[in-house]
Amino acid sequence: MCCDSKRRFLLLYATQKGQAKAIAEEIQQQAGAHGFEADMHCISEMDKYNLETEEDPVVIVISTTGTGDPPDTARKFVKKIQDKTLPPDHFAHLQYGLLGLGDSEYMFFCNGGRTVDQRLQELGAQHFYDTGLADDCVGLELVVDPWIDGLWLALKEALLLQKEKESMNNGVNAVSSSLSAAPHVEHELNLSSEVQNLKLEDEGARSSDVLSQKLDDINHVAPARDTEPSLVHSVPPVSQSALNIPALPPEYIEVQFQDTQNENPHLSSLISEGTTFEVPVTKAVQLTREDAIKTALLLELDIADTVFEYQPGDAFCVICPNNVSEVEELLHILGLSEKGDDFVCVKVKQGTKKKGASRPQHIPERSTLKFILTWCLEIRAIPKKAFLRALVECTSDAGEKRRLQELCSRQGASDYTCFIRDSNVCLLDLLHAFPSCKPSLSLLIEHLPKLQARSYSVSSSNLYQPGRLRFVFNVVDFPAGPSRPVARKGVCTGWLAELVAPLLHPSLDTKGESSSTKKISIFPRPNNAFHLPADPSIPFMMVGPGTGISPFIGFLQHRQKLREQHPDWEFGDTWLFFGCRHQDRDYLFKQLRCFLENGTLTHLKVCFSRHTSTAEVAPPKYVQDLLRLNAKDVARVLLKERGSFYICGDKKHMADNVSDAVVDILSMEMEADKLEAMKVLAMLREEKRYLQDVWS
């Protein structure tokens, strides 16, 4: 499509883990083919753009983090636009389109985007394009791809209308308000025909940034014998389709090996969230029996010599490395086994076609190759379609090449979801499945996201154990399967379990490692709401099956200490609903009885889901069953005593069921329909009296 000059729009992104930025970069990349120039900035860079004076359309891509919060990079922006002194026409001049990213597994789906969207509307801004809400639970691309496809036409319409307004304001096509509607209709028809022409142009532009594989090419590839599709094999109709494949992302990173030696950067330099602390692990306890289905560990950290502060209910992050053997395996596949300890310099490639290209912030300019693969890149990340598209060019076998094309194509969307996304396939799995694929190191740096620190709930009270921080976790297992040739442990939980093995099994420690202090790097991630009630007389209920009990141990420790220090205070009742599989294998904290005996915990309700009973009335299996058995107490605490209700643990298989049980209880005890009960639950959430700390 020809145009005298490319038309500008402002493109802002707010990202927590890099997804929103990657999508914004995709929009920026496609913009040129559609005759646009995307002026892209992180939303935190408020010195580089000004919405108060912005005249061009604005596109915003924003993710959600925590319990429905905007990402850290958007905090200042959100605070600024939430200023209550701003007039309702503050952004009346602004036209924008917003794409929100979220995960429907969590309660406040896309709340980061919704918050910004609602506030911009309240301040008079107008949509030029409908808001898109993409769900990471089912696959962001299901919304993101069509939203981007429709963006270009919407931008052109917005700019046409803007041009018309400018012409009218300049008196070029001034029309008296006393004229009949007929000229207006004619104008609308002309605009409609212009838009129709642009639609046709758009289709032409779209075909230019999509690689379409013709059916003729497919005949060169031997058909798969398998009747069922898999990661490496396809079946009709995908195997016989012409494919719409994303445009090849431009290369923009160059890696140069250095002769000089130096020191690797400190881990703290990789973290932008604030101060990091390197602290010793002083204790490790396995809370589950060896024959339990999951292995739960408790670790204690010594924070006495730091200024690390926390409250019970807070979380903190652990900076963890990738698995050593996986890094070695990746180096071997890349043909760089001998160069792991060599220093490399990472630069932007000269002459790159990627606009605004810069070295990723999480990649040091100089470090060893092994440092980058160990501490900087999430080598376990599920590959995005753009990465698959780039890997096509590194693959020599025709059949493997075709299958990678299918997996990143629109026609292969369901195969991508099934065999890559839902199967948690990572780069190493792909390189095993497609052995002729030999990517460059620079390609990995371009496409693999930042290795994220892992978040854990605090399981202690600084009041109860000064200078100590405890946390509990299950060691995550990823079993081998059709798409994963070997079983793996979780990146962080597997590393921690290996790190503290000498503390757990000193008798097996042949190297004397138990006497050497193990240290890990952490940084705080305070929770704004998941804390004990400020008024100790307020009763509260805690629901935490499995390792979901973790923050509640901190709650009870804190409450016990307050009771000892302030015997004259009035303390409300405390309830704990705990569940696990087996009473004798994974009842994590049997010392809960101590809290019960000293009065810190008023009511303890426990269930065991794998317990076999010969009783006439089967005992409760799950925490939601316990809640229903105590329905009157739940309703009394929430409705009459205005108490608080806390849930911690698995979102999909527990927290949703607990919410359903609470709705049923409220409906029954209030003698109201479910809709009314749901409104009451929503009110409790709004009042911060129904609080969740959950994960999927």
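Rounded to the nearest 5, what % of the DSSP beta bridges within segment 1-140 are antiparallel ones?
Working: 1 of 24 bridges.
If we restrict to bridges inside segment 1-140, about 5 percent are antiparallel.
Between residue 302 and residue 455, how many nm apart are label points set 7 Å from Cα along the C-beta direction?
The modelled label-to-label distance comes out at 3.0 nm.
Please find the FRET efficiency linking residue 48 to residue 573, where r is the Cβ-Cβ separation and R0 is fixed at 45 Å, and quote it to the nearest 0.05. Numbers along the way, then the final one.
Working: r = 54 Å, r/R0 = 1.20.
My answer for the efficiency is 0.25.
Need one number: % antiparallel among DSSP beta bridges in the chain, to the nearest 5. Walk me through the numbers on the way to the answer.
Details: 45 of 88 bridges.
DSSP beta bridges in the chain are roughly 50 percent antiparallel.
³J(HN,Hα) across segment 121-128 via Karplus (A = 6.51, B = -1.76, C = 1.60, θ = phi - 60°), whole Hz, x for Gly/Pro?
In residue order, the calculated couplings are 5, 4, 9, x, 5, 10, 6, 9 Hz.
Using alpha carbon coordinates only, what is the Rg to Rh ratio of the chain, with Rh defined as the Kirkwood radius? Kindly include the intermediate steps, with their values, before the conclusion.
Numbers: Rg = 28.6 Å, Rh = 28.7 Å.
Across the chain, the Cα-based Rg/Rh ratio is 1.00.
Taking the chain as the reference, fit the longest principal axis to its C-alpha atoms, fit the long axis of helix 674-686 to the helix C-alpha atoms, and give the angle between the two in degrees, 0 to 90, nearest 10.
Between helix and principal axis, roughly 90 degrees.
Based on the inverse mean of 1/r over its pairs of different Cα atoms, what is the Kirkwood hydrodynamic radius of segment 540-694, in Å?
Every distinct Cα pair counted, the radius reaches 16.2 Å.
Taking a ≥ b ≥ c as the square roots of the eigenvalues of the Cα gyration tensor of segment 7-162, is the shape rounded (a/c under 1.5), prolate (a/b larger than b/c) or oblate? Intermediate results must be reported in sequence, preceding the final value.
Details: a/c = 1.56, a/b = 1.06, b/c = 1.47.
Oblate.
Residue 353 to residue 696: FRET efficiency via 1/(1 + (r/R0)^6), r the Cβ-Cβ distance, R0 30 Å, to the nearest 0.05? Display every interim value, and only then the final one.
On the way: r = 38 Å, r/R0 = 1.25.
E(calc), rounded to 0.05, equals 0.20.
What is the Cα coordinate range of segment 399-502 on the first, second and third principal axes, sorted by size from largest, in whole angstrom?
61, 30, 29
Determine the distance separating the Cα centre of segment 55-91 from the Cα centre of segment 256-319; give it in Å without decimals.
32 Å
I'd like the orientation of helix 19-31 relative to the chain: the angle between its Cα long axis and the longest Cα principal axis, in ° from 0 to 90, rounded to 10.
0 degrees
For residue 690, what accessible area in Å² do you get when you roll a 1.4 Å probe over the heavy atoms of the protein chains, rounding to the nearest 10?
Residue 690 has an accessible surface of roughly 10 Å² with all protein chains in place.
Top to bottom by accessible area (1.4 Å), largest first, where do 83, 259 land? Each step should come with its number before you reach the end.
Working: 83 65, 259 155 Å².
From most accessible down to least: 259, 83.
Under 20 Å from the Cα of residue 674, which lysines turn up, not counting those fewer than eight places away in the same chain?
Hits, sequence-local ones excluded: 632, 640.
Kindly report the accessible area of the chain per residue (heavy atoms of protein chains, probe 1.4 Å, no ligands, DNA or RNA), in Å².
Computed with neighbouring chains in place, this is 48 Å² per residue.
If you roll a 1.4 angstrom probe over the protein chains with everything in place, what fraction of the accessible area of segment 7-162 belongs to carbon and sulfur, to the nearest %? Let's see the in-between values first.
Numbers: 3150 of 6270 Å².
Accessible surface attributable to carbon and sulfur in segment 7-162 totals 50 percent.
Could you compute the FRET efficiency for residue 244 and residue 585, with r as their C-beta to C-beta distance and R0 at 41 Å, rounded to 0.05? List each step's numbers first, then the result.
Numbers: r = 51 Å, r/R0 = 1.25.
Calculated transfer efficiency: 0.20.
Which entries of 48/80; 294/652; 17/590; 349/438 show an alpha-carbon separation above 26 angstrom in the structure shown?
From the list (48/80; 294/652; 17/590; 349/438), the Cα-Cα distance tops 26 Å for 17/590.
Which value, in Å² rounded to 10, gives the accessible area of residue 538 with a 1.4 Å probe and all protein chains present?
50 Å²
The values are calculated or read from the model by the stated rules, or taken from the named source; none is laboratory data. Since this is a predicted model, take the numbers as computed values, not measurements. Methodologically, a virtual Cβ is constructed for each residue, glycine included, from the backbone with ideal geometry; neighbour enumeration extends over all protein chains shown. For accessibility, only protein heavy atoms count, side chains too; no ligands or nucleic acids. Shrake-Rupley method; radii C 1.70, N 1.55, O 1.52, S 1.80 Å.
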